[in-house]
Structures are given as structure tokens and as C-alpha cells.
Amino acid sequence: MKGKKEQFSNRFAVIAAMAGSAIGLGNIWRFPYMVGENGGGAFVIVYLICSVFLALPCFFSEAILGRHSGTGIMGIVKSKFPEGKLNFLGVLCILSPVLILSFYSIVGGWSLEYLVKAIAGDFNSMSETESVRVFNDYSSSVWRPILTHFVFLTTTAVVVSLGVKKGIEKFNKIIMPVLFVLMVLIVVFSMSLPGAEAGLSYILKPDFSKIDADVICDALGQSFFSLSLGMGTILVYSTFMKKSESIIGSGVLTVVFDTAFAILAGLAIMPAVFSAGIGPSSGPGLVYETLPYIFSSMGTVSPTVGYLVPLLFFLAVLMAALTSEISMFEVIYEYLRYDRLYSKKKAILTVFLIGFLIGIPCSMSFGVLKGFTLWGLTLFDLADFTTSNFLMFIGSLLFCMIVGWKMKKEEVYMEITNNGEKKFAKLIFKPLYLWIRYVLPFGIIIIFLTNLFV
Ligand code: PFF
């Protein structure tokens, strides 16, 4: 192994990095809409149950595996299955961060573009049609989104190249608290708008009649994506975790912060959407078409508010996307640097180039390649669909099977309880271990098959 691995300085650094990976576009543009459409508070309860019983044990598995082995995905697969028959699974697990890195960077680039627009005051008195046109013109053009993709990915590469302590840790420790403060400010503002109550009840009012098998599957998929599971990000970040840090505590806090941020995002967006009398939506349409229009109409109330709110909002989107992108970059970098033994420079450059090149056709699928589809999906949608519906679950299944069946029970115990020191972890160890070994794999297989066939 070339070079010695660094470690996160303390607990705050661990949580900031893990929450930084978890909190991203998924929280901002998918969660609020999913909640509103699928039963409000009732969906939040289902989401939390899914997080506690399936996502959290998967999180623990990744963290146990990462900290115990000190290596990334491929290193683990090679050491646990030395005959090499399962190396392809390791490759599949690297493929998902490669794909997400590439298409996520396109959307990260959009938020950069929109931040620049907000700084320039471009959202002043924009009509709804104009807002849609501006987004279509920009996202379907060839060069501009590729330029913002380039800048976004370069920033990510710079942070990763600074190393674990000076790059990833420092960046997340500054950005994450700022991100929460920004979101709270936008929530306060959004809730003060006339007619905001409709948005509030859209997010929070429980309607249990909406809960069915499909909704439960959606909630599960969202909780896995939102917690960045099955891609090796939590695994790789855990290799930087000191032996004295608590795995249980880190997992629980990451879920709490991730869910809290998703709800905050909902409370920031939906009251404003309802107040403007627009129907709620999700995805790019919500963030880059509907919201700029709503922000622009705020300018008629007060020009300062109309200027500041979009600026703060797109700054928040950009920060959230960057901290997630960094975690994916690190997984691939880790593989090249420590498994393939690339030099630091070569590894950073290779990850950058891979992400940049794969990102280009993804970006073009909003423009010149719009008509080019495979299995009915554009290249961007295909990358998103493959990772969120399949690769993510293959990774999670592999990680929990290795912890449950390939690691010694004693080793798992030592990791979870910090060598027998953590009282609560000791108390829950037995049921948790049995859960990871016998129940979790079936749970994941069932979701996987449901996604495949239903
Ligand atoms: N968790 C991020 C989000 O909710 O936007 C997305 C993500 C980051 C997925 C990192 C996977 C990953 F490895």
C-alpha cells in the first residue's frame, strides 16, 4: 500500500463528512415531493421505519467493514474472496459511484450556474414561461453545462487532493453547519409567506390511506440513496474513523441529520410553492424552473428579499451537492490509489477524467442527445435508474453478507462495541448481529426483486 491513511480528527469531523455525503440533491428535490404525494407525515413515519430497520443496519455494516479492514471495496472483496471469483462484484460496486459522480456533477454544475445567475440578479421579475425557457436553453445547450460540470468537478478534485484532514474534513466541517443555517433561514422566510399553511400541511399532514407496497418501496429506495448506501462512500469514510469513535452513534446521527435536513428542505420549498399558487413537483423542474419563478415574484414584495433568497437557496444546493460529490470522488480515488497503486496525481486526474467524460453524454441528454434512448431512458436517466434501482442494492447486499457471513462474530463485536467499551452497543449487539446476518439480506433481495418486477 502506498502512503499511510489519514484519520478524521474527532467525532464532529466524522459526522460532518458522513452527513455531508448523505445530504444532497436527494434531500432537496426528491424527498419533499415524495412526502407530499405519498401521505405527508404518514410517509415520514414509513421512511423512518425503513431507515431504522433496513438502511441503518446497512450503514452499520458498511462502517464495520470499512473501519475493520481499513481498505476500500476492492481490497475487501479480494481479501475475503481470494480466489478472485467475486472480483466482478467489487467492480460493480465501483461502477455505481462512477456513474453517480458523472451525472451528479452535471446537476451540481447547474446549481453553480444558478448561483451565478442569482448573484447577477437574473431572477428579477421573471415570468413562469421565461423561467422554463431559461432552464431549457441552458440545460440543452452544449458548452455552458459542460463548463459548469467542469468547474464543479474540478472543485471536488481539489478538495479530495488536499487530503482527508485538510480537504474533506475541513470542507465538511465548515460547509455543513452553514448549510443548516441557510436552510433554516429559508424555512423561516418561506413560512412567513401568505398561504404558506397549505405547503406545511402538504408536507406534514398524515394520510395513511396513501401507504401501499409501492410507497414503501419508494421510501426504502429514497432512504438508501439519501444515506449514500451501497456505493462504498460510508465504507471508505469509515476507514478514516478512529477506533474510539462509535459506529452506532455515527449512524444514528447521520440518519437524524439527513432526515431533519430533508424535512427542512420540504418546509423551505413547499410553503413557497403553495403560496405562489403553483402545483408541487420534483426533480429539475422544481428546483430550476418553478423556484426561480417564485423567487422572482418575491422581488415585487421586496427587492432585497427577491435578491437574497434565491442566492442563499442556490448556494445551499451547491454546497449540498459538493459535499456528496466529494464522497463519491473519494471512493474511486481510494480504489485507484490504494488498490491499483496509482500515484496521487494520476489517481486524482483519472477520476476527474472519467467523471468528466461520462458526464458529457449525460449532460447532452438534455439537448442534442434528448432523442437517444436505451430501454426508453435517456443516458442521464439510465445512469440514475441503474444506480438507484440496482447497483446500490447489490453493494448493500454484498456489504451486509460479508459482515454477517465472512467476518468473525468476534471481529464484528469488537467494531460495534469499540472493544467492549460501549454499553448500549453491547446491549444491542446480539439482535443487531442476527438481524444483519439473517434478515437484512432477505430484506434487500425483496426490495431488489420488487424494483425489478413490480
Ligand atoms: N446521498 C446523496 C443525496 O441524497 O443527494 C446522493 C449520493 C451521494 C448517493 C453519494 C450516493 C453516494 F455515494
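Hey, can you tell me all the residues within region 240-260 that are open to solvent by less than 20 Å² (accessible area, probe 1.4 Å) and within 15 Å of the ligand (Cβ to nearest atom)?
Within region 240-260, Gly251, Thr254, Val255, Asp258, Thr259 meet the criteria.
Out of everything in region 270-285 that is more than 15 Å from the ligand (Cβ to nearest atom) and part of a helix (DSSP H, G or I), what residue ends up being farthest from Gly199 (Cα to Cα)? Let's see the steps before the verdict.
Filtering region 270-285 for residues more than 15 Å from the ligand (Cβ to nearest atom) gives 270-281, 285.
Filter again for part of a helix (DSSP H, G or I), leaving 270-275, 285.
Details: Met270: 5, Pro271: 4, Ala272: 7, Val273: 7, Phe274: 5, Ser275: 7, Gly285: 18 Å.
Per the criteria, the residue is Gly285.
Given the condition of a type in the set (Val, Ile, Thr), in a helix (DSSP H, G or I) and either open to solvent by 30 Å² or more (accessible area, probe 1.4 Å) or away from the ligand (no atom under 16 Å from the Cβ) (or both), answer yes or no: does some residue in region 54-66 qualify?
Taking region 54-66 and keeping what is of a type in the set (Val, Ile, Thr), we get 64.
In the following step, the residues that additionally are in a helix (DSSP H, G or I) were identified as 64.
Next, from what is left, pick out any that are either open to solvent by 30 Å² or more (accessible area, probe 1.4 Å) or away from the ligand (no atom under 16 Å from the Cβ) (or both): 64.
Scanning region 54-66 turns up at least one residue that is of a type in the set (Val, Ile, Thr), in a helix (DSSP H, G or I) and either open to solvent by 30 Å² or more (accessible area, probe 1.4 Å) or away from the ligand (no atom under 16 Å from the Cβ) (or both).
Give region 71-85 a look and list any residue that's more than 13 Å from Met401 (Cβ to Cβ) and either outside any loop (DSSP other than H, G, I, E, B) or open to solvent by 20 Å² or more (accessible area, probe 1.4 Å) (or both), or say none. Show your work before the answer.
Looking only at region 71-85, we keep the residues that are more than 13 Å from Met401 (Cβ to Cβ), and these are 71-75, 78-79, 82-85.
Listed by number, the residues that qualify are Thr71, Ile73, Met74, Gly75, Lys78, Ser79, Pro82, Glu83, Gly84, Lys85.
Would you point out which residue out of Thr387, Thr417, Thr450 is farther than 29 Å from Asp214 by Cα and β-branched (Val, Ile, Thr)? Working first, answer last.
Working: Thr387 fails: farther than 29 Å from Asp214 by Cα; Thr450 fails: farther than 29 Å from Asp214 by Cα.
Of Thr387, Thr417, Thr450, the one residue that is farther than 29 Å from Asp214 by Cα and β-branched (Val, Ile, Thr) is Thr417.
Can we say Phe442 is farther than 24 Å from Phe81 by Cα and either open to solvent by 100 Å² or more (accessible area, probe 1.4 Å) or under 28 Å from the mean Cα position of the chain (by Cα) (or both)? Even if it seems obvious, please write down each step before you answer.
Working: farther than 24 Å from Phe81 by Cα: no; either open to solvent by 100 Å² or more (accessible area, probe 1.4 Å) or under 28 Å from the mean Cα position of the chain (by Cα) (or both): yes.
Judged against the criteria, Phe442 is not a match.
Results for (1) modelled with pLDDT of 90 or more; (2) within 16 Å of the ligand (Cβ to nearest atom); (3) aliphatic (A, V, I, L, M), shown as yes or no for each residue.
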| position | (1), (2), (3) |
| --- | --- |
| Leu95 | yes, yes, yes |
| Ile106 | yes, yes, yes |
| Tyr114 | yes, no, no |
| Ser127 | no, no, no |
| Ser139 | yes, no, no |
| Thr156 | yes, yes, no |
| Leu179 | yes, yes, yes |
| Ser201 | yes, no, no |
| Asp207 | yes, no, no |
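State yes or no: is Ile263 within 30 Å of Glu128 (Cα to Cα), within 14 Å of the ligand (Cβ to nearest atom), surrounded by fewer than 24 Cβ atoms within 10 Å (Cβ to Cβ) and touching a residue at least 12 places away in the same chain (Cβ under 8 Å)? Working first, answer last.
Details: within 30 Å of Glu128 (Cα to Cα): yes; within 14 Å of the ligand (Cβ to nearest atom): yes; surrounded by fewer than 24 Cβ atoms within 10 Å (Cβ to Cβ): yes; touching a residue at least 12 places away in the same chain (Cβ under 8 Å): yes.
Considered against the rule, which asks whether it is within 30 Å of Glu128 (Cα to Cα), within 14 Å of the ligand (Cβ to nearest atom), surrounded by fewer than 24 Cβ atoms within 10 Å (Cβ to Cβ) and touching a residue at least 12 places away in the same chain (Cβ under 8 Å), Ile263 comes out as yes.
Condition (residue is surrounded by fewer than 24 Cβ atoms within 10 Å (Cβ to Cβ) and either small (Gly, Ala, Ser) or farther than 30 Å from Leu92 by Cβ (or both)) applied to region 221-237: is it met by at least one residue?
Yes, region 221-237 contains a residue that is surrounded by fewer than 24 Cβ atoms within 10 Å (Cβ to Cβ) and either small (Gly, Ala, Ser) or farther than 30 Å from Leu92 by Cβ (or both).
Exactly one of these conditions fails for Glu410: (1) free of Cβ contacts under 8 Å to residues at least 24 places away in the same chain; (2) buried (at least 16 other Cβ atoms within 10 Å of the Cβ). Give me its number.
All conditions are met except number (2).
Using the structure shown, decide if Phe88 is in a helix (DSSP H, G or I) and under 26 Å from Ile402 (Cα atoms). Working first, answer last.
Numbers: in a helix (DSSP H, G or I): yes; under 26 Å from Ile402 (Cα atoms): yes.
Yes; evaluated as a whole, the condition is true for this residue.
Considering only region 312-329, state which residues are within 12 Å of the ligand (Cβ to nearest atom) and open to solvent by less than 10 Å² (accessible area, probe 1.4 Å).
Hits for region 312-329 are Val317, Ala320, Ala321, Thr323, Ser324, Glu325, Ile326, Ser327, Phe329.
Do we have Met34 as within 16 Å of the ligand (Cβ to nearest atom) and crowded, with 23+ Cβ neighbours inside 10 Å here? Break it down stepwise before answering.
Numbers: within 16 Å of the ligand (Cβ to nearest atom): yes; crowded, with 23+ Cβ neighbours inside 10 Å: no.
No, not satisfied.
The values are calculated or read from the model by the stated rules, or taken from the named source; none is laboratory data. Please read all numbers here as calculations on a predicted model, not as lab measurements. Heads up, the Cβs are rebuilt from the backbone with ideal geometry, glycines too, and the neighbour counts pull from every protein chain shown. Side chains included, ligands, DNA and RNA excluded: accessible areas come from the protein's heavy atoms. Shrake-Rupley method; radii C 1.70, N 1.55, O 1.52, S 1.80 Å.
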